[in-house]
Amino acid sequence: MRVGVLTGGGDCPGLNAVIRAIVRKGVQEYGYDFVGFRDGWRGPLEGDTVRLDIPAVRGTLPRGGTILGSSRTNPLKAENGIRRIKDNLVKLDVQALIAIGGEDTLGVAARLSDEYAVPCVGVPKTIDNDLSATDYTFGFDTAVNIATEAIDRLHTTAESHMRVLVVEVMGRHAGWIAIHSGLAGGANVILIPEQRFDVEQVCAWVTSRFRASYAPIVVVAEGAMPKDGDVVLKDGSLDSFGHVRLSGVGEWLAKEIESRTGKEARTTVLGHVQRGGTPSAFDRWLATRFGLHAIECVHDGDFGKMVALRATDIVRVPLAEATAKLKTVDPKLYQEVGVFFG
Ligand code: F6P
């Protein structure tokens, strides 16, 4: 059997670990052949491939990014997209496709599988950890560690200059990175997209922190919004899946805090630093297990499924179910961490 593999959406630490596990088990245990598709769905759409065998995956376990390249290409929007993908799979003699991606990449895999009989298996990746049906996605742990380390470092500058330091983290419409790194890094305010925030309340927390002779760290998720009105985003354009490019709330909030409290406030936008570099040990472990189970799914002919983590087990869930709704932060969890604000 010949199996195609692609990585779509934003890159994420652990992608190479998944690819390596798929290839190692596929070749060693099942005697499969592999084809790497370049740049997410652009690869099968244009028949753009890269060699994928055991030598190609050697040494890639600790490497960030993806050896296959990635993109946010949406083949459902391309002219004759489905037809072209199907034709290319036949031409390349690919009998199964493993798509490693987030909500968008896997959403395409679900439709190809359920509506167009393309045999797909999905592997959930995203630093945002916002895919329902899996307890964790790989990449999230690394991103949280990077953000936590940044917050730890920012504390010292905040204290030395008695400034407010606002740290803007990624996560799109989910506050997972913000709440995990904010709690781990001892932030004094954590703002998440799931709950609109009151700027006056944020300023009250900032002021109470200064009153205790400490400088506040405010962690704000890029998708967080104030109660009244919207923030001005830096870019605000849409990607090919219709998602708005976020970022800008950190700058906006620092200005508001400065003008309302009279305290100097600066912003650090962590941006793509959170997606880069070597994966954490947990992400290597999770990504590797996902890869092993994904190729097992292919071997069992169990298509239209996504591998998922439930507690410590890897299970299979329907792709359609996995991409149906976003996993966001429960208000109760947010309330729980509120004891540390101010
Ligand atoms: O989904 C991962 C993610 O890093 C989000 O947290 C962020 O909003 C988005 O991707 C940024 O995408 P891009 O790198 O394409 O601008």
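The values are calculated or read from the model by the stated rules, or taken from the named source; none is laboratory data. None of these values were measured; they are calculated from a predicted model. Using ideal geometry, Cβ is built from the backbone for each residue, glycine included, and neighbour counts are taken over all protein chains shown.
Of note:
- Residue list for the stretch 3-17, restricted to those being in a helix (DSSP H, G or I) and within 16 Å of the ligand (Cβ to nearest atom): Leu15
- Residue match in the stretch 117-126 (condition: under 24 Å from Leu246 (Cβ atoms), surrounded by fewer than 23 Cβ atoms within 10 Å (Cβ to Cβ) and not aliphatic (A, V, I, L, M)): no
- From Leu61, Leu97, Leu76, residue being in a helix (DSSP H, G or I), among the aliphatic types (A, V, I, L, M) and away from the ligand (no atom under 16 Å from the Cβ): Leu76
- Condition check for Ser259: hydroxyl-bearing (Ser, Thr, Tyr), away from the ligand (no atom under 11 Å from the Cβ) and out of contact with any Pro (no Cβ under 9 Å at 6 or more places or on another chain): yes
- Which listed residue is on the phi > 0 side of the Ramachandran plot and more than 18 Å from the chain's Cα centre (by Cα), from Gly271, Gly277, Gly304: Gly304
- Looking at the stretch 229-335, the strands (runs of 3 or more DSSP E) lying wholly inside it that each contain 2 or more residues that are farther than 18 Å from Thr137 by Cα, outside the structural domain of Gly40 (by TED's automatic domain parsing) and among the hydrophobic types (A, V, I, L, M, F, W, C) sit at 265-269.
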